[in-house]
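Trainee: Structure incoming, see below.
The values are calculated or read from the model by the stated rules, or taken from the named source; none is laboratory data. What you see is a predicted model; the values in this text were computed from it and never measured. Here the Cβ positions follow ideal geometry from the backbone for every residue, glycine too, while neighbour counts run over all protein chains shown. Calculation scope for accessible area: heavy atoms of the full protein, side chains included, ligands and nucleic acids excluded. Shrake-Rupley method; radii C 1.70, N 1.55, O 1.52, S 1.80 Å.
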Amino acid sequence: WAARLKQGLSRTRDQLGSQFASLFNGGKIDEAVYEELETILLTADVGVAATQSLLEQVRARVKRQSLSDTHQLREALKQSLLELLLTLEQPLHTTHKPFVIMLAGVNGAGKTTTIGKLARQFQAEGKSVLIAAGDTFRAAAREQLQAWGERNQVQVISQQSGDAAAVMFDAVNAAQARGIDIVLADTAGRLPTQLNLMEEIRKVQRVINKALPGAPHEVLLVLDANTGQNAVTQVKAFDDALGVTGLVLSKLDGSAKGGVIAAIAQARPIPIRYIGVGENIDDLRPFKAAEFVDALFA
Ligand code: GDP
């Protein structure tokens with residue numbers, strides 16, 4: 001997996017790598033070096049706030065440890081980034097039965113793919129899974145999930161009616177009646193600016209809670225790493241509307257914008273439960289800060 005992750009982060013690393021190589025060349029640390037580092041971080045989608053915060057940490061570390069050359073500065077940056085990201089390393093524990101996971105995100109973020117991967121991974125752990133096909137706006141999404149469920153022996157609850165809240169109510173009740181371990185509740189893609197749709201997903205969440213107090217136990221926001229700084233906007237808006245409890249950062253493999261992870265950590269320190277670096281089941285893995293930083297600086 002370390003190799004896969006390294007490969008997955010190759011575009012972000014390539015972008016950073018050559019710039020880091022010339023910056024961290026062993027020369028003396030001076031103001032010009034800090035300025036260049038600031039520019040590099042900003043162009044890597046780390047964002048203004050996280051860049052300032054990281055630079056402060058790095059400067060403090062340099063002072064505290066009396067570091068003098070840029071090889072040491074590289075280590076100081078690595079450590080500071082690790083510290084920031086470690087706060088987000090909180091793997092998902094499915095503590096209730098059924099454990100209801102509601103997924104949210106914009107269209108194309110990777111929700112359906114994530115549901116497929118999670119369903120198979122939970123099954124492999126011996127857990128029973130039920131999928132609630134709550135994307136009632138796209139008939140194709142419902143059919144796709146149903147076909148997928150049949151192929152993989154996963155129960156899928158869906159409705160023709162087009163009422164996502166009703167699908168969720170049925171699904172949670174069915175899961176309780178059938179002794180299911182995990183409910184994966186899909187929702188339609190939506191933009192934070194579509195206020196009526198944001199209200200609709202709040203209703204979906206309320207109805208899940210009505211069917212099973214305490215649920216959804218996890219509100220998982222799926223983010224496409226390629227969206228860069230826009231991901232930060234999405235995190236804030238979905239969190240304000242729903243109280244997001246975990247993030248999935250998908251498509252890191254195609255993206256040169258992996259630095260956005262630091263921007264998210266700075267803006268809303270919500271645990272990153274999983275990262276996605278490809279389309280295979282195994283390409284979705286729990287987020288480990290040290291692995292991530294190692295792959296970035298490899
Ligand atoms: P949804 O609209 O949020 O349900 O998004 P989908 O799950 O349908 O994903 C949109 C596209 O992104 C599909 O073509 C997926 O195969 C692709 N995709 C999802 N996750 C990843 C990933 O981690 N890496 C890559 N390369 N592609 C992904």
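Trainee: What number of residues within the stretch 268-284 are crowded, with 19+ Cβ neighbours inside 10 Å and within 23 Å of LEU16 (Cβ to Cβ)?
Mentor: Final tally of qualifying residues: 6.
Trainee: Out of the helices (runs of 4 or more DSSP H) lying entirely within the stretch 1-59, which hold 2 or more residues that are touching a Ser or Thr at 6+ places or on another chain (Cβ under 7 Å) and closer than 24 Å to VAL232 by Cβ? Talk me through it step by step, then tell me what you get.
Mentor: On the way: elements: 2-8, 10-23, 31-43.
So the answer is 10-23, 31-43.
Trainee: From the list PHE238, PHE287, which one is open to solvent by less than 10 Å² (accessible area, probe 1.4 Å), within 16 Å of the ligand (Cβ to nearest atom), hydrophobic (A, V, I, L, M, F, W, C) and more than 12 Å from the chain's Cα centre (by Cα)?
Mentor: Going through PHE238, PHE287 in turn, the sole match is PHE238.
Trainee: Going by the conditions given, is LEU103 farther than 30 Å from ALA298 by Cα, touching a residue at least 40 places away in the same chain (Cβ under 8 Å), in contact with a strand residue (DSSP E or B) (Cβ under 9 Å, 6 or more places away or on another chain) and within 16 Å of the ligand (Cβ to nearest atom)?
Mentor: Against the criterion (farther than 30 Å from ALA298 by Cα, touching a residue at least 40 places away in the same chain (Cβ under 8 Å), in contact with a strand residue (DSSP E or B) (Cβ under 9 Å, 6 or more places away or on another chain) and within 16 Å of the ligand (Cβ to nearest atom)), LEU103 qualifies.
Trainee: Which residue out of GLU75, GLU56 is closer than 30 Å to ILE275 by Cα and loosely packed, with under 14 Cβ neighbours inside 10 Å?
Mentor: GLU56
Trainee: OK, next. Quick one: in the stretch 28-52, of everything that is of a type in the set (Gly, Ala, Ser) and open to solvent by 30 Å² or more (accessible area, probe 1.4 Å), which residue is farthest from GLU75 (Cα to Cα)?
Mentor: Among residues in the stretch 28-52 that are of a type in the set (Gly, Ala, Ser) and open to solvent by 30 Å² or more (accessible area, probe 1.4 Å), the one farthest from GLU75 (Cα to Cα) is ALA49.
Trainee: Only helices (runs of 4 or more DSSP H) wholly contained in the stretch 105-207 count here; list those with 2 or more residues that are loosely packed, with under 15 Cβ neighbours inside 10 Å and at negative phi.
Mentor: Result: 139-151, 164-178.
Trainee: What are the pairs with Cβ atoms under 6 angstrom where one residue, in the stretch 110-130, is within 25 Å of LEU223 (Cβ to Cβ) and the other, located anywhere, is open to solvent by 50 Å² or more (accessible area, probe 1.4 Å) and β-branched (Val, Ile, Thr)? Sequence gap at least six, or different chains.
Mentor: Close Cβ pairs satisfying both conditions: LYS117/ILE281; ARG120/ILE281.
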